[in-house]
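The values are calculated or read from the model by the stated rules, or taken from the named source; none is laboratory data. On a predicted model such as this, the values are computed, not experimentally measured, just so you know. Neighbour counts are summed over all protein chains in view; Cβ atoms, including those assigned to glycine, are modelled from backbone coordinates with ideal geometry. Note: accessible area is taken over every heavy atom of the protein model, side chains too, but ligands, DNA and RNA are not part of it. Shrake-Rupley method; radii C 1.70, N 1.55, O 1.52, S 1.80 Å.
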Amino acid sequence: MNSEALIMMIAAEGIITAVTIYFFYKVLTVPPKPEPDSYSENDDD
Amino acid sequence: MTKSNVESWGSRVGLVLAMAGNAVGLGNFLRFPVQAIQNGGGAFIIPYLVCFLLMGIPLLFIEWSMGRFGGRFGHHSTPFIVNSMDPKRVFWKYIGVFGIFTNLAVAAYYCYLESWTLSYIWHSVAGSFQGQTADQISDFFTGYISLSDGGYETVFFWIFCLLLNTWILSKGLSGGVEKVAKIGMPLLILFGILLAIKGVTLTAGEEGAINDGTVGLNYLWTPDYSTIWSAKVWLAAAGQIFFTLSVGMGSIQCYASYVKRKDDIALNAMSAGWMNEFVEVVLGSSILIPIAIGYLGIDKVVELTQSGGLGLGFKTLPYLFQQWGDVLAALAGIAWFGLLFFAGITSSLAMGTPCMGFLMDEFKWKREQSAWAFGLAIFILGLPTVLFFEQGVFDEYDYWAGTVSLVVFALAEIILFAWVFGMDKGWKEINRGADIKVPPVFKFIIQFVTPVILGWVFFASLPDIWKKITNADLKAKLLETTDPAQIQAINDQMAYLNGSRVLLVALFISISYLVYVAYRKRVKEGRGIV
């Protein structure tokens, strides 16, 4: 592969893979929110 | 009042995978690499990612927050979701009709396409392609879609695919859609990685390959910077973002309407959106083109891509897999068409939910009844695409429902969200319960940049829309020929295309009427929009 193509491919695929893993990891690790325990928590802001 | 629609998501991961599955479709593997080759190679990724950041991500934020907002009032389809954002103006619910219309019309032809993958999985397992020449395998596909053997097999797999979709939908969100996404998405990624490894490690001189796999990658990724300022390339990039993210369809709003009011949507939207980009850019660029160029060479592949990626995916790859020996060919066939099948079914299931949500919300239909109504509707609407595929009915549905409608609805919804509902309220909706900090620059982008891009995409498409409406290409062909048989064939084709447009318009009017009936019913029962 020529260097221009290689740089373009590694940069694009690297960034996309890293961001995808970062967001999916956050989805897996962020603790779930507690269920609302009162009517006031369900009210509009 | 009893609620007939009490669906919910079983888990957050299930929701994200279902949403990613909604976005990931056959286009990720068949359309993206072809678009990249035709629009500047590696340089295409620049306008593509810019459009993703300035148009795709904002639309994801908007559609997720619109859905969750509407779900708060018990709405799970776009007519009343969009109306709930501006309840004083009743016309919004008719704009929201696009969110049901598009899903029904796209599902009608998409399930047919999905059924091809099932048939090809079967033929890969049965070894039907063993020992066949390239022409024989190509002719098989042509015969398959032209129903040359009476069409029994084609129709059987199509009906089977419709029944499968309907059955899964009848099991509900957590019991059907979410389960399929949790199985289908990991398998799709696994199959994609296996094929990508095989594709990029092809070696010239081995197993009949004439080029290394890297030759295809080199061709695909070498940037032609002269194309960067071409409006055509930017339009293609914006179009690809629309196709790939399933924005402007109404299915994202429907899925998001089952998210609880205080639960996150910002991180979920990003995770699902970027997962789609991973599948498209990383996997999608590493399979079709490297394998095809490895065996056929650059010139032949460029010629084949002129007619899109479908030909390469169905006519060419099964033959190329045969070069790997019987066992590996069967496994590669299962992986490739299995991957396409999972990409397809996770999308077609998403197309069923808005229609079902509407029937359950407004007419108190049960989930099973609604699923069968959807199945019956796409059977009736899909029949012309099966019977008259060669006359262009399939492509006509794709153009009007799968292309034009998306842009129109996305333009309307961003105006509603940013300018009618109000950007301050909208920004609050996006950030409510967010597990990530959404960069404030997106507030400006959503309000000013995305509407301008969408407006440009829409207006730039108008000449093409006019050409389509007037059948300009077919009329030009008519002027060029004097052969009576050809003249008859072109006239027949025009009749089929006009007929399919009438059918689509009739569908839109019928859904609008149902929305009107539902609205009157709400008024009579004293139920408001909000």
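Descriptive notes on the structure:
- Yes/no for residue B:285 being within 19 Å of the chain's Cα centre (by Cα), assigned to a loop (DSSP other than H, G, I, E, B) and modelled with pLDDT under 90: no
- Look at (1) closer than 29 Å to residue B:285 by Cα; (2) aliphatic (A, V, I, L, M); (3) surrounded by fewer than 22 Cβ atoms within 10 Å (Cβ to Cβ) and you find that residue B:343 fails only one, number (3).
- For the criterion of being part of a loop (DSSP other than H, G, I, E, B) and either aromatic (Phe, Trp, Tyr) or open to solvent by 70 Å² or more (accessible area, probe 1.4 Å) (or both), residue B:530 passes.
- Subset of the stretch B:206-232 (residues that are open to solvent by 50 Å² or more (accessible area, probe 1.4 Å) and under 27 Å from the mean Cα position of the chain (by Cα)): B:219, B:231, B:232
- Residues that are touching a residue at least 12 places away in the same chain (Cβ under 8 Å), in a helix (DSSP H, G or I) and within 14 Å of another protein chain (Cβ to nearest Cβ) within the stretch B:246-277 comprise B:266, B:267, B:268, B:269, B:270, B:271, B:272, B:273, B:275, B:276, B:277, listed in sequence order.
- Only residues that are open to solvent by less than 10 Å² (accessible area, probe 1.4 Å) and charged (D, E, K, R) were counted in the stretch B:51-76, giving 2.
- Annotation note: Cβ proximity below 6 Å between a residue of the stretch A:2-14 that is under 14 Å from residue B:216 (Cβ atoms) and a residue that is part of a helix (DSSP H, G or I) and open to solvent by less than 30 Å² (accessible area, probe 1.4 Å) (sequence gap 6+ or interchain) occurs for A:5/B:42; A:5/B:221; A:9/B:221.
- Options B:48, B:94, B:120, B:109; residue that is of a type in the set (Ser, Thr, Tyr) and open to solvent by 30 Å² or more (accessible area, probe 1.4 Å): B:94
- Residue B:289 in contact with a Pro (Cβ under 6 Å, 6 or more places away or on another chain), hydrophobic (A, V, I, L, M, F, W, C), crowded, with 22+ Cβ neighbours inside 10 Å and in contact (Cβ under 8 Å) with a residue 40 or more places away in the chain: yes
- Qualifying residue in the stretch B:201-214 (condition: closer than 30 Å to residue B:460 by Cα and within 13 Å of chain A (Cβ to nearest Cβ)): no
- Of all residues in the stretch A:6-22 being within 7 Å of chain B (Cβ to nearest Cβ) and aliphatic (A, V, I, L, M), the one that is nearest to residue B:286 (Cα to Cα): A:9
- Any hit, the stretch B:441-460, residues being surrounded by 15 or more Cβ atoms within 10 Å (Cβ to Cβ) and not in a helix (DSSP H, G or I): no
- Test: residue in the stretch B:21-30 that is over 30 Å from residue B:144 (Cβ atoms), polar (S, T, N, Q) and touching a residue at least 24 places away in the same chain (Cβ under 8 Å): no
- Residues in the stretch B:295-331 that are of a type in the set (A, V, I, L, M), surrounded by fewer than 20 Cβ atoms within 10 Å (Cβ to Cβ) and modelled with pLDDT under 90: B:302, B:304, B:310.
- For the stretch B:485-508, the set of residues classified as over 11 Å from residue B:391 (Cα atoms) and of a type in the set (A, V, I, L, M) consists of B:485, B:487, B:502, B:503, B:504, B:505, B:506, B:507, listed by residue number.
- Being closer than 30 Å to residue B:269 by Cβ, of a type in the set (Ser, Thr, Tyr) and open to solvent by less than 60 Å² (accessible area, probe 1.4 Å) is a property that does not hold for residue B:154.
- Among (1) in contact with a Ser or Thr (Cβ under 9 Å, 6 or more places away or on another chain); (2) within 14 Å of chain A (Cβ to nearest Cβ); (3) open to solvent by 30 Å² or more (accessible area, probe 1.4 Å); (4) under 16 Å from residue B:14 (Cβ atoms) - the single one residue B:185 does not satisfy: (3)
- Residue match in the stretch B:77-89 (condition: open to solvent by 10 Å² or more (accessible area, probe 1.4 Å) and under 23 Å from the mean Cα position of the chain (by Cα)): no
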